[in-house]
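Written below as structure tokens is the structure these notes are about.
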Amino acid sequence: GQRQALAGLGGGGCRRVSEDGLMGEHAHGEPHAMPGTGRIKLLPDRAGRCLPHAGCGMPLNPMTTKRSFVLDHGSRRGSRLPLRTLYVLPDPDERDAAASIDILPASRAEMVQELLKNTFIVHLVDKDRIARQFDAAARLASSLDGYRLRYPSGLDHLPTLRDRIVEHAVSRNAQCAS
């Protein structure tokens, strides 16, 4: 799901900032997305469709057929990038139910929920750590605009989705500049 979307959204002049998890930091009073590892984990057939020059990748472990593929330097960003907008991917059930591609505004509260939901921490028992996670999500959500993506399942929709996201971001930047 998410890695396939990321792989398919590359191209068209778009460079990936992060592959698996988005690491962020606040610098100069605004949030920034930090560059990732330059690798993406995919099933070989998906990589062949989304990353035409990926080669055969490296096996992750004997228990899975997924492989790690190195992204070429032209398709990834090597330095931090100001983070002003965050697009949230739909879950599999939402993709299965979607009939069209839509970009919908998300409230600050929804963005806090999405950020917390996507921290990939299953068991938190340390109260201080829970408080830091919540504070970081609330700070980030209050510092940017969030949008929910809706799109049908299938890799064939990803180029259109990429174009829609780029158009949306360009129109938002034009509105903010005027």
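The values are calculated or read from the model by the stated rules, or taken from the named source; none is laboratory data. Bear in mind that the values here come from a model prediction, so they are computed numbers and not experimental data. Counting neighbours? That spans all protein chains shown, and the Cβs are built from the backbone with ideal geometry, glycine included. For the accessible areas, the whole protein counts, side chains as well, though only heavy atoms, and no ligand, DNA or RNA atoms are used. Shrake-Rupley method; radii C 1.70, N 1.55, O 1.52, S 1.80 Å.
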Full extension between ARG164 and ASN118 adds, at 0.36 nm per residue less the Cα distance, a length in nm of 14.2 nm
For segment 122-168 and segment 77-104, what is the separation of their Cα centres, given in Å? 7
What lysines does LYS127 reach when the alpha-carbon gap must be under 28 Å and sequence neighbours fewer than 8 apart in one chain are set aside? LYS117
Counting only DSSP beta bridges with both partners in segment 52-150, the antiparallel fraction in percent, to the nearest 5, comes to 65
At a Förster radius of 35 Å, what calculated FRET efficiency corresponds to the Cβ-Cβ distance of GLU25 and SER100, to the nearest 0.05? 0.50
Sketch the reach of a paramagnetic label on ASP135 as a point 7 Å from Cα along Cα-to-Cβ, and name the residues of segment 105-119 whose backbone nitrogen lies under 17 Å away. 116
What's the extension gain from SER142 to ASP128 if we count 0.36 nm per residue and subtract their Cα-Cα distance? 2.9 nm
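Accessible area per residue of segment 30-161 at 1.4 Å probe, in Å²?
On the way: 8140 Å² over 132 residues.
About 62 Å² of surface per residue is accessible.
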Counting sequence-distant residues (5 or more places) and residues on other chains, those with an amide H built under 5 Å from that of VAL88 are TYR147, ARG148, LEU149
Peptide ranges 57-65, 35-43 listed from the most packed, as the mean C-beta count within 10 angstrom indicates: 35-43, 57-65
Please calculate the 1.4 Å probe accessible area of SER68, with all protein chains present, and give it to the nearest 10 Å². 20
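Loop only by DSSP, 11 or fewer other Cβ within 10 Å of the Cβ. Give me the chymotrypsin sites (Phe, Trp or Tyr not before Pro) in segment 101-158 that pass, ordered by residue number.
Numbers: sites: PHE120, PHE134, TYR147; in loops: PHE120.
Counting only loop positions with at most 11 other Cβ atoms within 10 Å, the chymotrypsin sites (Phe, Trp or Tyr not before Pro) in segment 101-158 are PHE120.
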